[in-house]
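The values are calculated or read from the model by the stated rules, or taken from the named source; none is laboratory data. Predicted model only: the values in this text are computed from it and were never measured. Because the Cβ atoms are built from the backbone with ideal geometry, glycine has one as well, and the counts that use them run over all protein chains shown.
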There are 2 protein chains.
Amino acid sequence: MKQQLVFKALADGTRRNILRALRAGSKSAGELSEEFSITKASLSHHLALLLNAELVRRERRGQQLIYSLNSSVAEEVMAILFDLFSHKEDS
Amino acid sequence: MKQQLVFKALADGTRRNILRALRAGSKSAGELSEEFSITKASLSHHLALLLNAELVRRERRGQQLIYSLNSSVAEEVMAILFDLFSHKEDS
DNA sequence: TAGATATTTAGATAATAGTCTAAATATCTA
DNA sequence: TAGATATTTAGACTATTATCTAAATATCTA
């Protein structure tokens, strides 16, 4: 996991909203685009960053590309935060 | 807690390193500046963002300003991540 | 295979962010 | 109170990023 990619990906509100939208289940790029008031091109850009950070997975189903959450990276982020804020004397 | 401020603050590697540096205990701006190869002005800028996000606390001791970790916000961030990656059916 | 649909990629633009130097503010001490 | 020390603030510059339109790619279906 590349920390920098993950934290940069999480730094944008639209991308966090995309993750939230995917909690209901996996969705195609087109389905997601209906929920956001940005162009499909911009959404695709955000999805590419989320994918690059491994926060989401992608699989093709015919003409569509289906995106879904990758929860395991969230666990890694939490571990990093836990470490980041753990006072050295504590451990 | 303002999510946007916290995630933006965590998106920069230097700022995450500042948090790491503070795990050993609270430090003054000057002490911190010895550990980073940027100007005091730039460091001050980063500290202001961390403070604004409430990831660190600050108190004056004479001429010095002492910075320390604010672990409670880390816990909040973890809760948000937990929520962000929790599939709706699960809850 | 042509045309339609789904999505991404390319290139441009405007806003945001990180860094620097120089100047300002706050506190201490002789 | 004057000068020294510690830190921040102001203003400028460059790099990065979010967004858009237009064009390209991939897949399906008649």
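Select from the stretch A:1-41 the residues that are small (Gly, Ala, Ser), without any contact (Cβ under 8 Å) to a residue 12 or more places away in the chain and loosely packed, with under 15 Cβ neighbours inside 10 Å and list them in ascending order.
Listed by number, the residues that qualify are A:GLY13, A:ALA24, A:SER37, A:ALA41.
For the stretch B:57-74, how many residues meet the condition of being facing chain A (nearest Cβ under 10 Å) and surrounded by 14 or more Cβ atoms within 10 Å (Cβ to Cβ)?
6
Please pick out the residue among A:ALA41, A:ALA79 that is part of a helix (DSSP H, G or I) and either of a type outside the set (A, V, I, L, M, F, W, C) or closer than 24 Å to A:MET1 by Cα (or both).
Numbers: A:ALA41 fails: either of a type outside the set (A, V, I, L, M, F, W, C) or closer than 24 Å to A:MET1 by Cα (or both).
None of the other options fit; the residue is A:ALA79.
Which members of the stretch B:1-36 meet the condition of being at the interface with chain A (Cβ under 10 Å from one of its Cβ atoms), within 14 Å of DNA strand D (Cβ to nearest atom) and charged (D, E, K, R)?
Correct list: B:LYS8, B:ASP12, B:ARG15.
Based on what the data block shows, is B:ALA53 surrounded by fewer than 19 Cβ atoms within 10 Å (Cβ to Cβ) and either modelled with pLDDT of 95 or more or not β-branched (Val, Ile, Thr) (or both)?
Spelling it out, it is not the case that B:ALA53 is surrounded by fewer than 19 Cβ atoms within 10 Å (Cβ to Cβ) and either modelled with pLDDT of 95 or more or not β-branched (Val, Ile, Thr) (or both).
Output yes when any residue across the stretch B:78-90 is closer than 21 Å to A:PHE85 by Cβ, surrounded by 18 or more Cβ atoms within 10 Å (Cβ to Cβ) and more than 14 Å from chain A (Cβ to nearest Cβ), and no when none is.
No - not one qualifying residue is present in the stretch B:78-90.
Limited to the stretch B:44-62, what total is found for residues that are under 16 Å from B:LYS8 (Cα atoms) and without any contact (Cβ under 8 Å) to a residue 24 or more places away in the chain?
Initially, the stretch B:44-62 is screened for residues under 16 Å from B:LYS8 (Cα atoms), giving B:45-56.
Now narrow it down to the ones that are without any contact (Cβ under 8 Å) to a residue 24 or more places away in the chain: B:45, B:48, B:51.
Adding up the residues that qualify gives 3.
Do we find that B:THR14 is of a type in the set (Ser, Thr, Tyr), within 13 Å of the chain's Cα centre (by Cα) and modelled with pLDDT of 95 or more in this structure?
yes
Please give the number of the condition A:ALA74 fails out of (1) modelled with pLDDT of 95 or more; (2) under 23 Å from B:GLY13 (Cα atoms); (3) among the hydrophobic types (A, V, I, L, M, F, W, C); (4) more than 8 Å from DNA strand C (Cβ to nearest atom).
It is condition (1) that A:ALA74 fails.
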